[in-house]
1. So if I take the centroid of the Cα atoms in the stretch 14-51 and the same for the stretch 95-129, what is the distance between those two points in Å?
2. Sum -39500 (n - 2.57) across every DSSP H segment of at least 4 residues in the chain, then divide by the residue count to get the 222 nm mean residue ellipticity, nearest 500.
3. Of the candidates Leu120, Leu198, Leu94, which one comes out as most mobile in a Gaussian network treatment of the chain with C-alpha springs shorter than 10 Å?
4. Under 10 Å, Cα contacts only: if you run a Gaussian network model on the chain, which one of Thr210, Thr119, Thr76 comes out with the highest mean-square fluctuation?
5. Treat every Asp and Glu Cβ in the stretch 160-271 as -1 and every Lys and Arg Cβ as +1, leave all other atoms uncharged, and give the resulting dipole magnitude about the Cα centre to the nearest 20 debye.
6. How long is the gain from Glu218 to His258 if the chain were fully straight, where each residue apart is worth 0.36 nm and the alpha carbon distance is subtracted?
7. Tell me, Trp269, Trp213 in order of fewest to most beta-carbon neighbours within 10 Å?
8. Taking amide H positions as placed 1.01 Å from N in the peptide plane, with prolines and chain starts having none, which residues 5 or more places from Ile4, or on another chain, fall under 5 Å of its amide H?
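No lab work stands behind these numbers, since they all come straight from the coordinates. Here the structure is a predicted model, which means the values were calculated and not measured. We place every Cβ from the backbone using ideal geometry, glycine too, and count neighbours over all the protein chains shown.
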Amino acid sequence: MIFIDMNQERIPVLGLGTFSLKGQTCRTSVADAIALGYRHIDTAKMYDNEQDVGYGIKDAAINRNDLFVTTKIWHTDLTRSGITAGLEDSLQKLQLDYVNLTLIHWPSDNMNLQECLDTLMELQQQGKTRLIGVSNFPADLLQEARSIAPVICNQVEYHPYLSQSTVLSALREHNMMLTAYCPIAKGEVLEDQNLLELGKKYGKSATQITLRWLVQQENVAAIPKASSHEHRAENLNIFDFSLTDEEMESIHSLSKNHRLINPDFAPVWDE
Ligand SMILES: NC(=O)c1ccc[n+]([C@@H]2O[C@H](COP(=O)([O-])OP(=O)(O)OC[C@H]3O[C@@H](n4cnc5c(N)ncnc54)[C@H](OP(=O)(O)O)[C@@H]3O)[C@@H](O)[C@H]2O)c1
């Protein structure tokens, strides 16, 4: 495993995404992932699975200090009381004293960013979240957030078909990290001939090549979701090889501004 160091926290570059995992499947997936060696779990209030994630963590019986857990505040809760109650509720459901990272899940036209970040900083001071960050923030809003608070991360859609070059440069300017969601483009990379070809050289799948490409970039983490043991094991098995600079570039060149997640409340995206 590779780690990213941010404000005295070590963040494993590969985590388990849990969107759409529910009930016993979610619980088993989380416990199995931890048994396999995952040390980073991504959830959110909106996924309505924090209780199941919490049970999975309990089942895994891992030392809390060895696990990195992220949750997110939904965009309709972006007031002082909404954020405070939202995180409290997440902690109760997860059965944890603290999460490692709390994100603003989506920006909102109605939010007061200063108030939101002040509230998150207070929760950080109270020890309820070790780190704070944002998700789905375009570069200009990210800069604004960073000027207010020590946000360490922007979680955005990132895979070979969506370059995120503007967001990446803004993040790198401030030594922040990018967490890639939909890292395997919800499975669209599986049959990509370029990735399959590269995979032949290393004895890896197109998914593994994609995940390796992501985590080999500076300050980039990836959180693929997988509901089967086989997929979870496959996705973690990317730390025994590395791509050459030319191969990294060839995957960057697959970008075609293909965005999979774009709800009607999304902000205006960067190119
Ligand atoms: N911040 C946000 O707004 C936001 C938005 C979207 C997602 N996220 C986070 O990012 C996580 C990942 O995104 P995602 O779930 O949308 O997409 P994804 O991880 O790119 O793709 C998940 C899909 O790929 C399949 N898969 C996983 N590993 C595979 C493998 N080795 N071989 C073949 N297929 C494989 C999964 O199938 P199986 O389940 O059958 O294994 C599932 O259908 C989410 O779970 C969530 O935690 C955050």
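1. 21 Å
2. Details: 10 runs with 108 residues, N = 271.
When only DSSP H runs of four or more count, the value is -12000 deg cm²/dmol.
3. Leu198
4. Checking each option, the largest mean-square fluctuation is seen for Thr76.
5. Approximately 300 debye in magnitude.
6. On the way: separation 40, 0.36 × 40 = 14.40 nm, distance 2.25 nm.
12.2 nm is the gain from fully extending Glu218 to His258.
7. Trp269, Trp213
8. Answer set, sorted by chain and number: Ile11, Val13.
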